[in-house]
Amino acid sequence: MAEGQVRADGAEGRGAADAPAQEAGDGKGVAPGAVPRVFSGMQPSGEAHLGNYLGALRRWVELQESHECFFCIVDQHAITGEIPAEELPLRILDLAISFLAVGLDPERSVIFVQSDVPEHTELAWIFNAVTPVGSLERMTQYKDKTARMESIPAGLLNYPILQAADILLYRAGAVPVGEDQLQHLELTREIARRWNGRYGDFFPEPVAIPGVGGRILGLDGKAKMSKSVGNTVRILAEPEEIWDRVRTAVTDPQRVRRDDPGRPEVCNVFTLHQHFTDPDHLDDIAGQCRAGTRGCVACKRILADSIDEHFREVRERAAELKADPRRVRAILEAGAERARGEARATIREVRERMGMDWRGAWG
Ligand code: TYM
């Protein structure tokens, strides 16, 4: 099994990414000799942030080298979060620009918007028929999101069914996601098993390919970095905005005065340094923190500069794309066309196996 790869249930084992093609996932449904297939999605809640980048996008870019990849802007998931209708089109555009600017390549990967392929919702409905409500109610994200809600939309409960449909519609064997999605992926495996149990082996049980650095904490140093918490740094932020955000980051709470000795191992700013700052400088940063010889503000300044540097070219590419939304549109149209071809073939087989192709059966 490749380094950094786990099964969706967290167990170690050989997975799709390094397995011979016919063994992608658990081997079912992947033609011998075919390049292993990857699917992943992201909600259009605006431009991507550092958590999205480390948890997902960075791996997505790498996987294009070795896998046939499908990358989806999941607008139908996003509507469960009550995005204002007038904002959704721009958020989709912004996310598409983020995808392309970090290096997703439409020549190699299929990049598309979920609602352009209606088979996602068709398969989701079909999976509703094999998914226990108890399994949905156990999902941590569902419990967290609905804890303080008076009236819970059914879409929040059924959200992971649509996610399973996204992945299995393309019979993908591997799914690069951040840690927060592992439980949803385990449910995807359960759904595939249950459907296969009833209608015969067809869907693979996909494995997770985790991102870099586990669950990335936000600038508050407490919660997962997330747009809804407001603790993010956008990957396309300009230098001033990066500094404005990083300046607010919470550091080691025991470091009250500038010359108090700090503990890099508990400081989220240091964790972010490990992802973005030149590795040759990390010993100096940790050492000066421990000795209390560099204050937190100066340390954050270095981090802001590292983030700025890391994304400079990405920002330049994004600016070009922003000036040419028609090009982005053409990429998404072409992606949807390719995705639809695959999706139709899967749904045809699914309908047949489930007895829904009644015309053919009547002779
Ligand atoms: P979403 O849109 O919340 O996040 C997209 C990706 O970014 C990762 N991520 C993080 N990783 C580490 N630390 C963080 N703070 C962090 N924040 C976000 C997520 O793990 C994810 O990989 N339900 C999914 C979208 C989805 C999907 C799919 C994913 C829909 N269908 C099919 C994979 C396959 C979600 O809400 O991700």
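The values are calculated or read from the model by the stated rules, or taken from the named source; none is laboratory data. The model shown is predicted, which means the values in this text are computed figures rather than measured ones. When we count neighbours, we look across all protein chains shown, and the Cβ atoms used for this are built from the backbone with ideal geometry, even at glycine.
Taking the options 347, 285, name whichever one is more than 28 Å from the chain's Cα centre (by Cα) and surrounded by 15 or more Cβ atoms within 10 Å (Cβ to Cβ). First the steps, then the outcome.
Working: 347 fails: more than 28 Å from the chain's Cα centre (by Cα).
The unique qualifying residue is 285.
When we screen 30, 6 for residues that are among the β-branched types (Val, Ile, Thr), more than 17 Å from residue 184 (Cβ to Cβ) and at pLDDT below 95, the only hit is 30.
Only one of these is touching a residue at least 24 places away in the same chain (Cβ under 8 Å) and either within 25 Å of the chain's Cα centre (by Cα) or part of a loop (DSSP other than H, G, I, E, B) (or both): 241, 205. Name it.
Working: 241 fails: touching a residue at least 24 places away in the same chain (Cβ under 8 Å).
Selected residue: 205, the only one of 241, 205 that is touching a residue at least 24 places away in the same chain (Cβ under 8 Å) and either within 25 Å of the chain's Cα centre (by Cα) or part of a loop (DSSP other than H, G, I, E, B) (or both).
Go over the candidates 268, 231 one by one and state the one that is in contact with a strand residue (DSSP E or B) (Cβ under 7 Å, 6 or more places away or on another chain), within 12 Å of the ligand (Cβ to nearest atom) and in contact (Cβ under 8 Å) with a residue 12 or more places away in the chain.
None of the others qualify; the one that does is 268.
Among residues of segment 329-354 that are at pLDDT 95 or above, those with a beta-carbon under 9 Å from a residue that is hydroxyl-bearing (Ser, Thr, Tyr) and in a helix (DSSP H, G or I) at least six positions away or on a different chain give the pairs 350/199; 353/199; 354/199.
Could you please give the count of residues in segment 160-202 that are part of a strand (DSSP E or B), near the ligand (Cβ under 8 Å from one of its atoms) and either of a type outside the set (Val, Ile, Thr) or over 16 Å from the mean Cα position of the chain (by Cα) (or both)?
Initially, segment 160-202 is screened for residues part of a strand (DSSP E or B), giving 174-177.
Those still in the list that are near the ligand (Cβ under 8 Å from one of its atoms) too: 175-177.
Narrowing further to those that are either of a type outside the set (Val, Ile, Thr) or over 16 Å from the mean Cα position of the chain (by Cα) (or both): 176.
Selection size over segment 160-202: 1.
Restricting attention to segment 317-344, the residues that are acidic (Asp, Glu) and more than 23 Å from the chain's Cα centre (by Cα) add up to 2. Each residue in segment 175-224 was checked for being at pLDDT below 95, at positive phi and surrounded by fewer than 17 Cβ atoms within 10 Å (Cβ to Cβ), and 1 pass. In segment 94-121, the qualifying residues are those that are surrounded by fewer than 17 Cβ atoms within 10 Å (Cβ to Cβ) and touching a residue at least 24 places away in the same chain (Cβ under 8 Å), and the one that is nearest to the chain's Cα centre (by Cα) is 103.
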